[in-house]
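Each remark here refers to the structure printed beneath this line.
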Amino acid sequence: MKIKGNLTVQILIGVVLGAIVGSVARGHDLSALSSTGKMIIHWVKLVAGPFLFFSILTALMQVSISWFQGARLILVAGFNAACALAISILLTQTLLSGQVNAAAILAGDNDVPVVMKPEVGSIGFEAWLKSFQPVSLFEPFVRNEILLIALLALILGIAVRVTFQAEQPEVLRAWSRGSERMRELLAKILHWITLLIPFAVFAVLSGAIAQYGFGIFATLAPFVFAVLLGFLLQVFVVYGFWIAVVARMRPAQFWRESKQTILYAFGVNSSLASLPHTLNSLRRMKVSETSSSLGAGVGTNLNNDGILLYEAMAVYFTAIVLGIPMDMPQMLGAALVCIVAAMGITGIPEAGFISLTVVIGLLKLPTELLPLLLSIDWMIARFRSAVNVTSDMTLSIALDAVSGQRGWREESPASSK
């Protein structure tokens, strides 16, 4: 098995070595080693904010669609995102709420009640509103306020397009090139940091197992089950509705033409790397090139339902196991943060974990569980990528359907074999 350049294998090695070192050092203090792993997570948050800014800015200046097309894209993608969030809240509250807590994660004992009091307003609606009142344009980057960073990118991108698109297109192209270069630079830095993630997993797991034992893994099992169940509901219920009811496409036709692409995304663990295969599948399904470009091209930055569903469940799960109460307004506020983070973090290794790190940090939830979640993320990430690719194809089909185009209903004999 190839180890060099294979982040998944490296993370698995980090998990195994962390378990070995932690069990050998059982009862010893490895907090210094754990702190080293947490420092790597801090650097992820440090770079992810500017990366999100330039990702959104670049997309706004490069995308070429009409307002009507954009509205339809946002409508369909927004519906899918809302369903993903509803599923995450439903499953978290029904399957996970009250079953685990911080003591269970740390000691494998579900009977010990633990409630951690967060800073007043740290994840509340009032604090969220205050985040839109910075003292300067640089404060959002210093405090890593993702929503405000996204808003600044949105305002700047629209302003540049409105000012230069008609009379000075060369200036718009210069802005776009500069923004894209900055995004590429920050993506490279994030890539370097992700190379250290296997060590972060090793460091934190070593310290956690040395202090608390292997009970930390047993209590993550309900979370993994809930996430995978959420993926199934999103694919077969939500996407199934668009395909069978709205588009009136035979599900057998969809799965026949898309299964290879979905399996490829699962194998390479990347929806972006699967884009050529996604477009080929849509072409075989006779989806128009316009909708394919919007849904699988432009939509790949907006339509990350797999990441969104996982992030939301991870945030709610973190709050539950640490005994931090979240009411519905707080859950919706956290969901909005997840949407923004999922939109901007694409095309880089471990995008789901990086955006989750940003969301957890912004909501001021403790980051101690992040390395533990990463120890199982290598598996969940592949299902996440498969869901994202299925989401892109469904979005493209839905865009054709709502515009009255249904080329797949005139299936050729060749495609029916």
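The values are calculated or read from the model by the stated rules, or taken from the named source; none is laboratory data. Note that the structure is a prediction, hence the values are computed from the model and not measured. Glycine gets a Cβ as well: all are built from the backbone with ideal geometry, and neighbour counts include every protein chain shown.
Side notes on the structure shown:
- Residue that is among the β-branched types (Val, Ile, Thr), surrounded by 23 or more Cβ atoms within 10 Å (Cβ to Cβ) and over 19 Å from residue 385 (Cβ atoms), where the choices are 209, 193, 197: 209
- Residue within the stretch 282-299 that is more than 25 Å from residue 382 (Cβ to Cβ), of a type in the set (Gly, Ala, Ser) and in contact (Cβ under 8 Å) with a residue 40 or more places away in the chain present: yes
- Test: residue in the stretch 396-407 that is assigned to a loop (DSSP other than H, G, I, E, B) and modelled with pLDDT of 80 or more: yes
- Test set (1) under 30 Å from residue 376 (Cβ atoms); (2) under 22 Å from the mean Cα position of the chain (by Cα); (3) modelled with pLDDT under 85 - residue 188 fails condition number: (3)
For every residue, the table says whether it meets (1) surrounded by 24 or more Cβ atoms within 10 Å (Cβ to Cβ); (2) under 19 Å from residue 373 (Cα atoms).
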residue	(1), (2)
288	no, no
293	no, no
306	yes, yes
320	no, yes
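- Residues within the stretch 16-45 that are within 27 Å of the chain's Cα centre (by Cα), of a type in the set (A, V, I, L, M) and surrounded by fewer than 16 Cβ atoms within 10 Å (Cβ to Cβ), tallied: 2
- Against the numbered list (1) outside any helix (DSSP H, G or I); (2) in contact (Cβ under 8 Å) with a residue 12 or more places away in the chain, residue 336 comes up short only at (1).
- Filter result for residue 256 (outside any helix (DSSP H, G or I) and of a type in the set (Lys, Arg)): no
- Per the listing 172, 151, the residue uniquely surrounded by 14 or more Cβ atoms within 10 Å (Cβ to Cβ), without any contact (Cβ under 8 Å) to a residue 60 or more places away in the chain and either in a helix (DSSP H, G or I) or of a type outside the set (Asp, Glu) (or both) is 151.
- Qualifying residue in the stretch 205-223 (condition: without any contact (Cβ under 8 Å) to a residue 12 or more places away in the chain and not aromatic (Phe, Trp, Tyr)): yes
- Residue in the stretch 300-309 that is at pLDDT below 75, closer than 28 Å to residue 187 by Cβ and among the hydrophobic types (A, V, I, L, M, F, W, C) present: yes
- Pair list, Cβ < 6 Å and 6+ apart or interchain, from the stretch 386-401 residues that are surrounded by fewer than 24 Cβ atoms within 10 Å (Cβ to Cβ) to residues that are part of a helix (DSSP H, G or I): 386/262; 386/265; 386/266; 401/246
- Flag for residue 184 being part of a helix (DSSP H, G or I), charged (D, E, K, R), over 21 Å from residue 18 (Cα atoms) and touching a residue at least 12 places away in the same chain (Cβ under 8 Å): no
- Residue within the stretch 251-267 that is under 15 Å from residue 73 (Cβ atoms) and within 24 Å of the chain's Cα centre (by Cα) present: no
- Members of the stretch 53-80 found to be surrounded by 13 or more Cβ atoms within 10 Å (Cβ to Cβ), among the small types (Gly, Ala, Ser) and over 20 Å from residue 388 (Cβ atoms), listed by number: 70
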